[in-house]
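The values are calculated or read from the model by the stated rules, or taken from the named source; none is laboratory data. All values reported here derive from a predicted model rather than from experimental measurement. Cβ coordinates were reconstructed from backbone atoms using ideal geometry, including for glycine residues, and neighbour counts include every protein chain displayed. For the accessible areas, the whole protein counts, side chains as well, though only heavy atoms, and no ligand, DNA or RNA atoms are used. Shrake-Rupley method; radii C 1.70, N 1.55, O 1.52, S 1.80 Å.
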Amino acid sequence: MKRLLSVILLLTLFSPALLAEEPETTAPRKTRPKVGLVLSGGGAKGMAHIGALKIIEESGIPIDMVVGTSIGSIIGGIYALGYSAEEMDSLVRAQDWNLLMKDQIQRSNVSYTYKEDADKFLFTLPFWNRKSLVDQTEAKPGANKGLLRNMPSALVQGQNLDQLFTKLSVGYQDDIDFNTLPIPFACVAVDLNTKEEVVWHKGSIVTAIRSSMSIPGYFAPVQVGDKFLVDGGMLNNLPVDVCREMGADYVITIDLHQFHSGDNPVDQTIPEMIGTMLSIMNGEKYQSGRRNSDIIIAPNTSDFGVLSFDEKSVQALVDSGTVAAQRVYPQLQSLAEHLKEYPDPEKPRAPKAHDFNHDTVRISQLEISGADTKEMNWLLSKTDIAPGKDITGEDMDEAMDFIYNTKAFIKASYRVIGNDEQGYGLKVDFTPQRMHQAGIGFRFDSEEMASILLGVNLNKRKLFGSKLDFQVELGANVNGLLRYGYTFPNLTRINIGVAANHTNIDYYTYQPIVRDNVTVEEYSLSYTNRFNVFGAQADYQITGWWNADIDLGVQYVNFRCITPTGIDASEYVSDNSLGRGFLSWSFDSLDEMYFPTKGLRIDIFADARYHFKDRDWGFDPQFNLIAAIPLGRRVTLIPQTYNRWIFGNNAHRYFGNMVGGYMPGRYTLWHLPFVGINHTFDAAWRVDIARLDLRINLFKQHYLTLMGNYLANWNHDRGFPLTIENYYGFGAGYSINTIVGPVKVIAHWSNLSKRVGFHFSLGYDF
């Protein structure tokens, strides 16, 4: 017994040593907790996300999933595609956000026809005719019928933003599982039909992001099947719950939400009010999201609006995100140190998406939808996009801009499908536009008071075929135009039309005035002509050049001129009928019509007149030029010249040279502006005007303009030598570019009037 106890005791004492000599068994490896990142909505305030991401990356915390709403889906989606915070910072600074947040593109890339519309109409509205409207509504059971069906669903379709997302996501544009991205991703939208939250985990990432940031009323809803998706911030602006459901153990939330206290009320724009309303609608869920977050980064964005996309604001917002993340940096470091206790996951991340702004892709196949065969072949012939070619994002931007600028489509979008191993295919999709267009323009000025312009264009937005235009100006002067045209596939057009107008023109000249028994020459109202003009014309127009327009035609003109004689209140009435041949060439590459910073506009007119009664000829060449030369970020030099020479025995009053005011072509196509007088100066047969403006952008849309011009008035009466009357004028103006058009207040003086005058105008020139 004693021997047995001794053996047991020895085994007990030496068992640790024996165990130590045995092979070591491997303990189960621990799984690293997953870290999720949640990015809230907030419009331009989302730039703060980028600054916060820089600090998160600096802390060394691995991000395993990203969830976003609205602008948070944009930043989060790009981050999930493999872009670093520094790369995103460079991306957002390189964008023209004023264009991205609208459906506009650079004016220099807009067709000449639609430049004219944008320069004179306050707004234009495309619409269907009755048959097309019925076809559309019958194709969509339950759709509303009637006039309201013509109204657009939102101010912006999202054409430019769609192109941005597409260029940044090449390699991941198929219908994919978002868990296969370099960082798993999800975003939130809301279905207007069911009024329920929709969480995107798979599908098209471009479509998902676009739907998540579609602010109702501003961006058009995104239709996916029977769903009409809008901004996810309506129901879940802080989707921490989605991130938890994806398996996040720790959640870092970047919250852009800012409530203003009643003690410090802040005025809000319409988009900002929409954002505030969305926040109120999901307030409870928002608070729940904050409670369920482990680390909250809250940038101070209260000084910025949802549309504060200017360069200075973007910089300040990125910095605010950086500052906010630095405030919680100890928490970030603590989490990073804790995660180092666990081994890194063995599964490698998927490759980063191609940046189509820099990478080239070879297209193996091309698929187009939304356009008929004739339109498709024509559109492709105007671009450099074809199977077998290497293309870049710049190539696609040019192609999409060209297609979108035909105005035949509400939207033109594309997807680059496939990857490096399988090859790439290009899918281009067109959404047909409402074919007709109505427009309204408004102008108030100190010369004519109020004027309204109304226009209706049938088939305006069809690429080819018959088109009918009607336009009328109502005010102190009344003008009307009715024109039929046929546009060919080469974008040339044949027009026939009639026009009529009633115009009152006050002519100012130097005339003898008796004062204190002394006769002096004084610049004053000499007479008023009332013109009733009717014209019928046919012309051949070349519109295929994007910045230029050529028009060659013939016209019959009949005008009655009524002039008071000053004797017994009687009037002198003359009827004139003329035949007119004309050639015009216009080129316009200005980046903005009323406040350009670069570009050039040239108008050349050549008229040949034949007076049927007097049987005499006249020839009237005209040359106008405006150039915008930037002298820095805020200063622009604008040289201009206006020239018209009349040759022939009889210019006839309506075709004479009219000078004065600030709007070229106010009363007739050949009316020339002159700084220093408001009214019309009855000039000689040959006129040359040189003008130089210096415009300073004071702040935002406020401008100060200094103006000076010189007028050479060439007098050449029969039997007398040629003489030149030299006139000059100066002006200083303050202008504001508003939503209803430019507002201008100008003080001026000239040696023609020899007195100080003032000019005021609101609205567009037409």
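Worth a mention:
- Hits in segment 502-536 - residues which are buried (at least 18 other Cβ atoms within 10 Å of the Cβ) and either under 39 Å from the mean Cα position of the chain (by Cα) or of a type in the set (D, E, K, R) (or both): T503, I505, V533
- Every residue from segment 376-412 that is open to solvent by 60 Å² or more (accessible area, probe 1.4 Å) and in contact with a strand residue (DSSP E or B) (Cβ under 7 Å, 6 or more places away or on another chain): P387, K389, D390
- Restricting attention to segment 413-436, the residues that are surrounded by 19 or more Cβ atoms within 10 Å (Cβ to Cβ) and over 21 Å from D174 (Cβ atoms) add up to 4.
- Residue match in segment 163-170 (condition: open to solvent by less than 10 Å² (accessible area, probe 1.4 Å) and of a type in the set (D, E, K, R)): no
- Any hit, segment 114-132, residues being under 25 Å from L229 (Cβ atoms) and modelled with pLDDT under 80: yes
- Residue match in segment 730-747 (condition: over 39 Å from the mean Cα position of the chain (by Cα), open to solvent by 20 Å² or more (accessible area, probe 1.4 Å) and at pLDDT below 95): no
- All strands (runs of 3 or more DSSP E) inside segment 652-766 with 3 or more residues being among the β-branched types (V, I, T): 686-699, 723-738, 741-750
- Only one entry in F595, F681 is open to solvent by less than 20 Å² (accessible area, probe 1.4 Å), out of contact with any Asp or Glu (no Cβ under 9 Å at 6 or more places or on another chain) and farther than 21 Å from F531 by Cβ, namely F595.
- Pair list, Cβ < 7 Å and 6+ apart or interchain, from segment 115-126 residues that are in a helix (DSSP H, G or I) to residues that are open to solvent by 20 Å² or more (accessible area, probe 1.4 Å) and of a type outside the set (V, I, T): K115/R107; D119/M593; D119/Y764; K120/Y764; K120/D765; K120/F766
- When G439 is tested against (1) assigned to a strand (DSSP E or B); (2) at pLDDT below 90; (3) surrounded by 14 or more Cβ atoms within 10 Å (Cβ to Cβ), only condition (2) is not met.
- Number of positions in segment 339-375 that are open to solvent by 50 Å² or more (accessible area, probe 1.4 Å), part of a loop (DSSP other than H, G, I, E, B), under 23 Å from Y414 (Cα atoms) and of a type outside the set (D, E, K, R): 4
- Yes/no for Y510 being assigned to a strand (DSSP E or B) and under 24 Å from R666 (Cβ atoms): yes
- Candidates I638, I604: the one that is in contact with a Phe, Trp or Tyr (Cβ under 6 Å, 6 or more places away or on another chain), β-branched (V, I, T) and within 19 Å of G665 (Cβ to Cβ) is I604.
- Long-range neighbours under 6 Å by Cβ, at least six apart or interchain, first residue over 16 Å from R560 (Cα atoms) and basic (K, R) within segment 493-513, second assigned to a strand (DSSP E or B) and open to solvent by less than 30 Å² (accessible area, probe 1.4 Å): R493/G485; R493/T487; R493/Q541
- Of all the residues in segment 75-84, those that are open to solvent by 10 Å² or more (accessible area, probe 1.4 Å) and outside any loop (DSSP other than H, G, I, E, B) number 2.
- Selection from segment 233-262 of residues that are assigned to a helix (DSSP H, G or I) and either in contact with a Phe, Trp or Tyr (Cβ under 9 Å, 6 or more places away or on another chain) or charged (D, E, K, R) (or both): D241, R244, E245
- Looking only at segment 459-497, residues that are surrounded by 18 or more Cβ atoms within 10 Å (Cβ to Cβ), under 28 Å from the mean Cα position of the chain (by Cα) and either in a strand (DSSP E or B) or modelled with pLDDT of 95 or more (or both) come to 6 in all.
- The set of residues from segment 442-454 being part of a strand (DSSP E or B) and out of contact with any Ser or Thr (no Cβ under 8 Å at 6 or more places or on another chain) comprises M449, A450, S451, I452, L453, L454.
- Residue within segment 595-614 that is among the β-branched types (V, I, T) and assigned to a strand (DSSP E or B) present: yes
- The residue pairs whose first member lies in segment 618-631 and is over 20 Å from N657 (Cα atoms), whose second member is outside any strand (DSSP E or B), and whose beta carbons are closer than 8 Å, counting only pairs six or more residues apart or on different chains, are A628/L590; A628/D591; A628/P596; A628/T597; A628/K598; I629/K598; P630/T597; P630/K598.
- Verdict on G72 being small (G, A, S), at pLDDT 85 or above and in a loop (DSSP other than H, G, I, E, B): no
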